[in-house]
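Values in this text are rule-based calculations from the coordinates and carry no lab data. Keep in mind that what you see is a predicted model, and the values were worked out from it rather than measured. For neighbour counting, all protein chains shown are included, and Cβ atoms are generated from backbone atoms with ideal geometry for every residue, glycine included.
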Amino acid sequence: MFEFANYKIDSKVILAPMAGFTFYSYRKFMQMFGVGISYSEMVSDHGLVYDNKQTIAYLKTDNLEHPFGIQLFGHDSKTINGAIDIIVKEKIACDFIDINLACPVKKVTKQGSGSSLLKDLDYLKKMMKEIIQHSPFPITAKIRLGIDDEHLNFKEVIQVLQDLGVKMIAIHARSAKQLYSGKTRYELLKDIKKDMTIPLIVSGDIFTLDDAIYALKTTNADGVMIARGGVGNPTLIRQINQYFKDGTRLKDADLDTQKQYCLTLAKMMCEDMGEEKAMRIFKSIGPKFFNGFKNSKNIRVSIASKINTYNELKSLVDSFQIT
Ligand SMILES: Cc1cc2nc3c(=O)[nH]c(=O)nc-3n(C[C@H](O)[C@H](O)[C@H](O)COP(=O)(O)O)c2cc1C
């Protein structure tokens, strides 16, 4: 249990921000399994300030997701503060604003945003100070170990952010150069909590309960983020929380349960964004519910390539059996 943004967080699992995944209905679905904190996918400060309708759509929430944070990316405190003003004006029920200092994607780093902000700590300090002074919401940050192996400056970054008044830090235990592959390096975070007074969340390669046990025990972090490992496997959230409550190892979900989860998420997405868009996006999520089941290749390929309506999905899922 830890405290954050006036909430007592009674879950070890934080839903990671993921562009293209952590939209409103995906978060609502994952919250049913016991997520402690959720984030929006990353939202461009420019997109909000220049009234890009698609960007404003990323802010969708109800008044029931708590604590819920909107993650902004940008590199100029003025524009980021302008985006925060819009979040206030639109009366978005968010509990905190997270600043993305982690994204390694070229489109983001070439404008000086995301992980490229880890390069110049004087600039980062000035930018974050101006955001913290302006924001009516608590500010948090998501970082990486550093830019590359020669610049693993996470200790310094964490200290700087904490001293400025950042309220929680999530760290993806890879360098930006590693992108999303290569080994996560939790061992480097072994002693980091000792110098921290704010919650620490760790992220990277959490696909099984044992991955989460290793990450949490090695780092002593307050929580672990699930990202790719939770897509199609929401039971992972319950497995992690149950284990840290009483040591029980819950089984993986069986096929019938996975079918039901798959259809529940698809239905929630249809209600959230309309059937056509939902089923288009579902092509990259739905197949994952059947990973690891015998003879599931056909259903996975069909969901990814042939399904256009909820009813088509339901017939396909209902008829799938392990032979
Ligand atoms: C498709 C995808 C989109 C992501 N989008 C974001 C994002 O918008 N903001 C962010 O801070 N991290 C983002 N991430 C990084 C994740 O939050 C997480 O830190 C990373 O995937 C490592 O966790 P994993 O190895 O368990 O997936 C994204 C990752 C993926 C795979």
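Projecting each Cα onto the charge dipole of the chain (Lys/Arg +1, Asp/Glu -1 at the beta carbon, about the Cα centre), which of Leu316, Tyr39, Ile86 comes out farthest on the positive side?
Among Leu316, Tyr39, Ile86, the one farthest towards the positive end of the dipole of the chain is Leu316.
Hey, could you get me the Stokes-Einstein D for segment 17-144, Kirkwood radius over alpha-carbon pairs, 37 °C and 0.692 mPa s, rounded to whole µm² s⁻¹?
The diffusion coefficient I find is 224 µm²/s.
What is the spread of the Cα atoms of segment 28-72 along each of their three principal axes, largest first, in whole Å?
Between the extreme Cα coordinates on each principal axis of segment 28-72 lie 36, 15, 14 Å.
Let's see if you can work this out: charge +1 on each Lys and Arg Cβ, -1 on each Asp and Glu Cβ, no other charges. What is the dipole magnitude of segment 9-99 about its Cα centre, in debye to the nearest 20?
Here the size comes out at about 180 debye.
Within the set Lys259/Lys297; Lys183/Lys267; Lys142/Lys288; Lys155/Lys217; Lys28/Lys194; Lys78/Lys119, which residue pairs have Cα atoms separated by over 24 Å?
Distance filter (> 24 Å) returns Lys183/Lys267; Lys142/Lys288; Lys28/Lys194.
Do me a favour and compute the ellipsoid semi-axes for segment 137-281 from its Cα gyration tensor, root of five times each eigenvalue, largest one first, whole Å.
31, 19, 15
Which residues make up the longest stretch of the chain clear of trypsin sites (Lys or Arg not before Pro) that lie in a DSSP loop with no more than 12 other Cβ atoms within 10 Å, not counting the sites?
Answer - 1-90.
Where both partners of a DSSP beta bridge lie in the chain, what percent of those bridges are antiparallel, to the nearest 5?
DSSP beta bridges in the chain are roughly 10 percent antiparallel.
Given N residues in segment 105-216, what is its alpha carbon radius of gyration divided by 2.2 N^0.38 Å?
With N residues counted in segment 105-216, Rg over 2.2 N^0.38 Å equals 1.07.
I need the semi-axes of the equivalent ellipsoid of segment 249-297: take the C-alpha gyration tensor, multiply each eigenvalue by 5, square-root it, list largest first in whole angstrom.
23, 13, 7
Using only Cα atoms, locate the centre of segment 93-109 and the centre of segment 32-47, then give the distance between them in Å, rounded to an integer.
Each part's Cα centre sits 10 Å from the other's.
Can you tell me the dipole magnitude for the chain around its Cα centre, using point charges on the Cβ only (Lys, Arg +1; Asp, Glu -1), in Debye to the nearest 20? Provide the component values of the computation, followed by the final result.
On the way: 44 positive and 37 negative charges, 150 e Å.
That gives the chain a dipole magnitude of about 720 debye.
Return P(r) of the chain (all Cα-Cα pairs; 10 Å bins starting at 0; whole %; ordered from short to long distances).
Computed distribution, short to long bins: 6, 26, 34, 24, 9, 1, 0.
Using only helices, what value at 222 nm comes out for the chain when you add -39,500 (n - 2.57) per DSSP H run of length 4 or more and divide by the total residues, to the nearest 500 deg cm²/dmol?
-11500 deg cm²/dmol
Let me spell out the model: positive unit charges on the Cβ of Lys and Arg, negative unit charges on the Cβ of Asp and Glu, origin at the Cα centre of segment 234-297. What dipole size does that give, in debye rounded to 20? Write out the running numbers ahead of the final one.
Working: 12 positive and 8 negative charges, 59 e Å.
The dipole magnitude comes to about 280 debye.
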